[in-house]
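See below for the structure under consideration.
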């Protein structure tokens, strides 16, 4: 922990022009990732997790307004000129997308696309060497018969194989940071487990730091050292994976964990958090989770709490201490009803 | 990929793939290909055929079709069959050149407009709108009349009329494809703007242009003949179809003078429409059948 973090995000904000002035999709998030570690960013659709990552990689449309700071190996990414960030993208930072079918160019073979990824950042490499590297990469992500697969088109690959190829492409230039945006969402569950194993193994072998974006707590559970839970464009709770799972004190995180189906409770009905996330055009004043929160007080609708250390995690909730104690007033009543 | 290719099952040859493609076309599309092939062979080899000189008197004037002159003779005693077949060397190359130029110019401008956006888009597309706001024949006539008669000038006039169609098509395609995820993935991989356009966007944009260009080919041939008909295209005595029909119209009761070139134009327009429709059925699965 002595060296500077691989990625350090401070007060990152991203806004889009709307009909009535800018609309903020990401409202000041702080995240930190050390080399070789995995950071899980968890949240529902629309919580701003993907936008935040795209903002720091400058992948948002030019109309987006990005501010704050995102330092990668000490270099500021926000506001970095396009020509400079191109040297980093695909070279030092690799990206994995949710839908590997649409993330590949349908008219080029898988091999040609990985070849291009290599060539883009290493213009001097000979064709022979580059092709050998493509085959090595495909083999390293456990694609059988890489010498045949290399000449096939994305549509000839199955979903899982495609995602493996996508990982191979992201790793083509030995990046030190991998951003995986819902890497397993488009896959079925058994394949999902294989892909996660592969990611975990590759990241460990090569010492790659990884930001794993997902809406599935189960995905980050076995992967991430640290977890950040996002809601309404902000980080509402961060901590180590264990602390988030066993000692969370944010009502939203508690709701997410309660909503995970469990084998041992198979007879029970599935639990859900009632309501829907707020629209970014019409964000409630105060805490953005308040309208769905069973513990919300009038205060919660007036002030938007900021992250502060409570118990073992950092939480943005006015009543975090009470939740930890679990003993007072409304909180206690809710606990007794079994709602939390 | 020598080391790699040896391990790959032999891929079908180019000719074989073309044949498979032709077999997938509907019957009308196959008929279209046959007609176009006939004209292609004719225009390349007609000078070697045992035909009488299309520019010389071959018999008596205004003879109806007979064993000697299958399609009769015209007002100057020239053989209409010979003139019709020779006519393919005028109309078809002009139509081909016009369509190719219009596709190249229009697609380049349309791709630039769609990809760069902003004022480039505004300038190019307003120019296209202005051009499209004129009835095509009127605009082509005006330009051709200004430049003076002759097939090259008529061709230029037609390119000016036709490029905006391809500019619009290409722009719409680029706008659609540029938002796809693989484009974003390419940018995330560090590809530059030019590379993204050429490698990741344009190769996915050609289908509608190809289909439209095929269908337009017949339309352009028709417009070329129309310009010749009113005296703004080919100059007499060239056996151009449009001017031949014009001569036939002057001798209305000798119907056979216009019949040959008329059927020739009809066959080309019909063949390209058939083929274009067939291509759309095979290539563009989104459109209505």
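Only the coordinates and a few stated rules stand behind these numbers; no lab work does. For clarity, every value in this text was computed on a predicted model and none was experimentally measured. Because the Cβ atoms are built from the backbone with ideal geometry, glycine has one as well, and the counts that use them run over all protein chains shown.
Some values worked out for this structure:
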| quantity | calculated |
| --- | --- |
| Qualifying helices (runs of 4 or more DSSP H) (wholly inside the range A:26-124; at least 1 residues being farther than 25 Å from residue A:231 by Cβ and free of Cβ contacts under 8 Å to residues at least 40 places away in the same chain) | A:82-88, A:110-121 |
| Residue list for the range A:125-148, restricted to those being facing another protein chain (nearest Cβ under 10 Å) and part of a helix (DSSP H, G or I) | A:127, A:128, A:131, A:132, A:134, A:135, A:146, A:147, A:148 |
| Which numbered condition residue A:168 misses (of (1) surrounded by fewer than 17 Cβ atoms within 10 Å (Cβ to Cβ); (2) part of a helix (DSSP H, G or I)) | (1) |
| Whichever residue in the range A:21-49 is more than 21 Å from residue A:240 (Cα to Cα) and out of contact with any helix residue (DSSP H, G or I) (no Cβ under 6 Å at 6 or more places or on another chain) and, among such residues, is nearest to the other protein chains (Cβ to nearest Cβ) | A:45 |
| Any hit, the range A:153-163, residues being more than 26 Å from residue A:41 (Cβ to Cβ), within 24 Å of the chain's Cα centre (by Cα) and within 12 Å of chain B (Cβ to nearest Cβ) | no |
| Candidate set: the range B:164-182, residues that are without any contact (Cβ under 8 Å) to a residue 40 or more places away in the chain and surrounded by fewer than 21 Cβ atoms within 10 Å (Cβ to Cβ); chosen: the one farthest from the other protein chains (Cβ to nearest Cβ) | B:176 |
| Output for the range B:188-224, where each listed residue is surrounded by 22 or more Cβ atoms within 10 Å (Cβ to Cβ), within 7 Å of chain A (Cβ to nearest Cβ) and part of a helix (DSSP H, G or I) | B:188, B:200 |
| Residue in the range B:128-138 that is within 30 Å of residue A:62 (Cα to Cα), surrounded by fewer than 17 Cβ atoms within 10 Å (Cβ to Cβ), more than 14 Å from every other protein chain (Cβ to nearest Cβ) and in contact (Cβ under 8 Å) with a residue 24 or more places away in the chain present | yes |
| The one condition in (1) without any contact (Cβ under 8 Å) to a residue 12 or more places away in the chain; (2) crowded, with 18+ Cβ neighbours inside 10 Å that residue A:242 fails to fulfil | (2) |
| From the options A:211, A:220, residue that is surrounded by 16 or more Cβ atoms within 10 Å (Cβ to Cβ), in contact (Cβ under 8 Å) with a residue 12 or more places away in the chain, assigned to a helix (DSSP H, G or I) and under 13 Å from the mean Cα position of the chain (by Cα) | A:220 |
